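Below: the structure, in structure tokens.
The values are calculated or read from the model by the stated rules, or taken from the named source; none is laboratory data. The structure presented is a predicted model; accordingly, all values stated were derived computationally and were not measured. FYI the Cβ positions are ideal-geometry reconstructions off the backbone, even for glycines, and counts take in every protein chain you see. The area values use the complete protein model at the heavy-atom level, side chains included, leaving out ligands, DNA and RNA. Shrake-Rupley method; radii C 1.70, N 1.55, O 1.52, S 1.80 Å.
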Amino acid sequence: MKPVATLHVLQGPDKGRTYLAADEPQVIGRSSDQIPLSDHGVSRRHAELRPTRDGWVIRDLDSSNGTYVNGQRILTPTPLRHGDQVRVGASLLVFTGQEAPAEKLGRERYRDLVDLELGARGVDSSILTALGASEESVILQPPETADAVAAWNVVYKLAEMLGTIDTIESFLERVADVIMQHLLVDRLVVLMRQPDSKELVPQVYRVRPGKRAGRPKIVTSRAIVHHVLDTREGVLCANAMTDERFRDQEGGDDVPGLGLRSVICVPIIAHEEVVGVWHLDCSMTHHTYTQEQLRLAVAIGRLSGMAIENVRLVQSRMRTERLAAVGETVAFLSHHIRNILQGLQSGAEVIELGLKRQALNTVASGWEIVRRNLDRTIYLATNMLTFSRARQPKIETVQLNRVVEDVLQLVQRKADDKGVMILPEMEELPAIPLDIEGIHQVIHNIVLNALDAVPERTGRINIHTHYDPPSGRVIATISDNGPGIPAQELDGVFEAFHSSKGHGGTGLGLAAAKKVVDELNGVIQVESRTGEGTTFYVRLPAIHIRLADSEETHGPGR
């Protein structure tokens, strides 16, 4: 028996018609007697079907808009196999071919509907513009042009997204929105592998508007998905039912439930591991996917994998940095707390010895040791709380000079014990909005640092406050005649756990001071030269401006 063929019109003016091809050449065209089409994008004699010993071939008859088989323009006679789509003009026809049982032993001839050849193919632009002088068919935009425009829009949108990735889940949702906006997709699902069980779990779900009511559940093929996972390549299925490889060996696969659908399934590869797949399909009565669209989908899968890999690397780095910061914090604080406890223990032993001997002078000496270490404990705890917690400044209108005077009263005893002179020079200032507790801690920390730095008996600390009308800021200047800070350490003085005192400092005082000043939309700066002392400048705005508002209009720290 000779081969027979059937053409079903899925799209175009003649949608729903079926043409049975006899065992002789058949012409497709508007003037054809065998396969006439009323589509104005079809030439009068557009293409020819011709039977051969092995089946059927199709060739283009120099038509205006070209002939496409499965999305690829044909330039030479091309074999047709069961399930192929033929596009002529705006019409889409599905070819079904059968052969005599004697020749094929009763088996239906299946076409390989998976195209894994993802290499670039050029498009002959001269062929696209060819038109006979007597031709009257309408010139249509070639499918490659529409695919290129859609691909550009999708890639552009994805490139914009790559710099704003928050979580993997939100990124995949946004990519799905872009795909649904720019491509013809009836149903879309992203299946992601679970890290522990490797089970595929739906991560993103989309159904084209108008489709949800008729078929709310997305049906995907396990065989297609597993094929993509195994080969790590994207597949384009013109009609999933006709591919032997996508039938479950036990007959339990759900591919037949897909019906006449065009399917694209591509892998998401992150760090050389397939972590999921993009699966999209549409009814062939609406659209059939092309090779170019498969390439676009593969690119989307690769970009998704890169984005997922970047997110995971960032999260891993953040975890590493967080663990390192925790370790650094514990190391610094443990060392400092141990020194404080050793001081408290020494003071307690002296007090105990004085009590045994009933020597009040010894008890007083031990208590002085305890008192100093209690002060160190309060100082450490206060700076830890300030630096670590999210503070909401309690703003009050107050004179900065009053805060400075309170600090001087607290440190005077320590200055007297060391023989250090503190020389205040405070000009008349306007009352400004301040967080009294916070700015008190700032001035206190800077003055204590100065007291630790200056030499005994000859040490000197100058504190100057004044108002600068042009900048609208109140400025506190605190300088000392200590040894200064080495130039290589200046950049890190406001970093947590950075201390120039060796084992004598926690490295939290100036970090906490900067945090408070930043919260007040102020600026803290330091100038120092080795052997010439150090000067700190605290510049505070005379009017209250929320930090967020200031950064929007002026940038931070102005």
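Structure data summary
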item: Contour excess over end-to-end distance, with Cα ends at residue 360 and residue 4 and 0.36 nm allotted per residue; result: 116.2 nm
item: Summed residue charge, Cβ within 12 Å of residue 415's Cβ, Lys/Arg positive, Asp/Glu negative; result: 0
item: Accessible area (Å², 1.4 Å probe, nearest 10) - residue 477; result: 20 Å²
item: Accessible area (Å², 1.4 Å probe, nearest 10) - residue 306; result: 110 Å²
item: Square roots of 5 times each gyration tensor eigenvalue, C-alpha, the range 344-479, largest first, Å; result: 35, 19, 11
item: Residue 488 paired with residue 413, simple spin-label distance in nm, labels 7 Å along Cα-to-beta-carbon; result: 4.0 nm
item: Net lengthening on full extension, residue 57/residue 310 (0.36 nm per residue, minus Cα-Cα); result: 86.3 nm
item: With DNA, RNA and ligands ignored, accessible area of residue 78 (1.4 Å probe; Å², nearest 10); result: 30 Å²
item: Contour excess over end-to-end distance, with Cα ends at residue 427 and residue 477 and 0.36 nm allotted per residue; result: 16.8 nm
item: Rg/Rg_globular for the range 32-73, with Rg_globular taken as 2.2 N^0.38 Å and Rg from C-alpha atoms; result: 1.22
item: Extent along principal axes [Cα atoms of the range 390-454; Å; largest to smallest]; result: 36, 32, 15
item: Surface/4 of the Cα convex hull for the range 6-84, nm²; result: 4.9 nm²
